[in-house]
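Values quoted throughout were computed directly from the atomic coordinates according to the rules given, and no laboratory measurement underlies them. None of these values were measured; they are calculated from a predicted model. Counting neighbours? That spans all protein chains shown, and the Cβs are built from the backbone with ideal geometry, glycine included.
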Amino acid sequence: MIDVTHQISAVSRTVGSRTLEAGEARVITVSRVYPTSQDDLWEACTSAERIPRWFLPISGDLKEGGRFQFENHAGGLIESCDRPHRIEATWEFGGEISWITLTLVPVEEDHTRFQLEHVAHVDDERWAEFGPGAVGIGWDSGFLGLALHLTDGTFNAADMMPWTVSPEGVSFMTQAGEAWYAADVASGRDPSAARAAADRCIAAYTATG
């Protein structure tokens, strides 16, 4: 059993924007404090042996300047790596390129904050249709997998796929979508537009529409 409400509330989410050379980009930021040291969390996020336990199988050269590829998912280039503090990489999927930054900060003894920032050029039509949850709910799932990996030695990420269609999994996706709706409104978006986008996004993730 997974305490879905606790897992959702343990994560902080923000939505914003940034001006890049290529124009305005959307920015979502996800963060959570994990009960482990900075070094251990760094290993969990960078080790080719540990990443598949909580996320997806990965291949490539996992060092600065190297390329990585998640199985049947995104790949990219590791642009900078400052162990055990920060990683910057491209996130390439479906012919599109966006950028992620992972930052690890100790907050107290044996606790570390993991922050992930995802920057992407998203056209207004697609943003209006699904909002930040289109990417955010996926990252929520990754943050959940990491939490389970760090607290349950028997956890296997391969079990997550069937779990997502269980009543508990559907509840998780729904609550994550609601949390991204709240973050969207907090960013200044019109609540009715944010509500419509969140409803479509939740339906897509839970196959209810």
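Observations
- Column: log10 I(q)/I(0), Debye, Cα scatterers of region 129-209, q = 0.12, 0.16, 0.19, 0.27 Å⁻¹: -0.36, -0.60, -0.78, -1.24
- Convex hull volume of the C-alpha atoms in region 1-121, normalised per residue: 131 Å³.
- By the beta-carbon count within 10 Å of each Cβ, the least crowded to most crowded order of Thr19, Thr164, fewest first, is Thr19, Thr164.
- In order along region 112-119, the Karplus-derived 3J(HN,Hα) couplings, from 6.51 cos²θ - 1.76 cosθ + 1.60 at θ = phi - 60°, round to 9, 8, 9, 10, 10, 10, 10, 10 Hz, and Gly and Pro are given as x.
- Counting other Cβ atoms within 10 Å as a rough exposure proxy, the listed residues Met173, Met160 run Met160, Met173 from fewest neighbours to most.
- Rg and Dmax [Cα atoms of region 4-206; Å; Rg one decimal, Dmax integer]: 16.5, 45
- Ranked by how many other Cβ atoms sit within 10 Å of their own Cβ, fewest first, the residues His73, His6 fall in the order His6, His73.
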